[in-house]
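Peer 1: I have a structure here, written as structure tokens, and I will follow up with some questions on it.
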Amino acid sequence: MSESESLLVSGRLNPKNDFLFKRLFGEEEGKPLLISLLNAVLRRDGQQRITDVSITDDTHLGREMMGDKEIVLDILCEIEGREKVNVEMQVRRFARMDYRSLYYLATMLVDVIDRGGSYSDLKRTIGINILDHDYLTLPKFHNTFHLYEDDDRQYLLTDILEIHFVECPKFKRLAFDIRNPLHRWLRFLDQATTAEQLKEMMEVDDMIREAEARLNYLA
């Protein structure tokens, strides 16, 4: 499928298209949409709710020396200067998405330290992988990983690394809950979402309304 064909599916622009996803959530005009998506995936509400982010324009990491592997992230942002977040929309299937995600996170983690810098300069680093295919052998559509002790799973070594896997096919096999903000975002991203389903979501979520308007604008 060509780039132009992948943009338009079933009469509606495909939000999962790499170019469109970055335009929707990775530009300054789409910051409110990104904040809403982050709150939904990271389950932030109440006093923990994210109210502002700083979007990084340059999403290239690595390549300090010739021959180093270069990383180009989909969306990179910071929350209050304390947390770095990478959001990846993956339609293409990678055999080792776990390794790929860890490599991205490790590079993001050390990218903030200059030579001779302090370990205390490290920032909490979060990876969000939205996959358009099944990947994990776990039944849930949204799984989150941290660094816990093997025998005492209540002991968290550090929360500096956090990885999310959101698998769209598993979500589609569940009953839709319009009260759940992540359910609403994943249905918005679904290329098969109908006009009636969009209308229903836009009546309860202004961010979905704004996202669909921005998608139509990009058309």
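Peer 1: For region 130-136, what does the Karplus curve 6.51 cos²θ - 1.76 cosθ + 1.60, with θ = phi - 60°, yield as ³J(HN,Hα) per residue in whole Hz, taken in order and with x for Gly and Pro?
Peer 2: 3J(HN,Hα) across region 130-136, in whole Hz: 9, 10, 8, 7, 6, 9, 7.
Peer 1: Just want to confirm a number: the relative contact order over the chain, from Cα pairs under 8 angstrom separated by 6+ residues, in percent.
Peer 2: Computed over the chain, the figure is 19 percent.
Peer 1: Still on this model: Can you list the residues, at least 5 places off or on another chain, whose amide H is less than 5 Å from the amide H of residue 123, using H built in the peptide plane?
Peer 2: Excluding prolines and chain starts, which carry no amide H, there are no hits.
Peer 1: What ranking do 180-193, 156-169 get when scored by the average of other Cβ atoms within 10 Å per residue, highest first?
Peer 2: Highest to lowest by the protection proxy: 180-193, 156-169.
Peer 1: Given only helices, namely DSSP H runs of n ≥ 4 each adding -39500 (n - 2.57), what is the per-residue ellipticity at 222 nm of the chain, to the nearest 500 deg cm²/dmol? Spell out each step's value before the answer.
Peer 2: Numbers: 8 runs with 74 residues, N = 219.
Roughly -9500 deg cm²/dmol at 222 nm, from the helical runs in the chain.
Peer 1: If you don't mind, there's one more thing I want to ask. Which aspartates and glutamates have a Cα less than 14 Å from the Cα of residue 123, not counting those fewer than 8 places away in the same chain?
Peer 2: Reachable aspartates and glutamates: 78, 80, 83, 111, 114, 159, 162.
Peer 1: Below 8 Å between Cα atoms, with a sequence gap of 6+, how large is the relative contact order for region 84-139 in percent?
Peer 2: Numbers: 50 pairs, mean separation 31.8, N = 56.
That works out to 57 percent.
Peer 1: List the pairs from 22/172; 31/140; 22/84; 140/172; 16/172; 84/170 whose alpha-carbon separation is above 19 Å, in the order I gave them.
Peer 2: Result: 22/172; 31/140; 84/170 exceed 19 Å.
Peer 1: Okay, moving on. In bins 10 Å wide, starting from 0, what share of all Cα pairs of region 81-219 does each bin hold, as a percent?
Peer 2: Result, from short to long distances: 10, 31, 32, 20, 7, 0 percent.
Peer 1: Also: Probe of 1.4 angstrom, ligands and nucleic acids ignored: what's the accessible area per residue over the chain, in square angstrom?
Peer 2: Values: 12540 Å² over 219 residues.
That works out to 57 Å² for each residue.
Peer 1: Can you give me the % of accessible surface on region 121-168 that is carbon or sulfur? Probe 1.4 Å, all protein chains present, nothing else counted.
Peer 2: 52
The values are calculated or read from the model by the stated rules, or taken from the named source; none is laboratory data. Since this is a predicted model, take the numbers as computed values, not measurements. All Cβ positions, even for glycine, are placed from backbone atoms using ideal geometry, and neighbour counts span all protein chains on display. Keep in mind that these areas ignore ligands, DNA and RNA; they rest on the heavy atoms of the full protein, side chains included. Shrake-Rupley method; radii C 1.70, N 1.55, O 1.52, S 1.80 Å.
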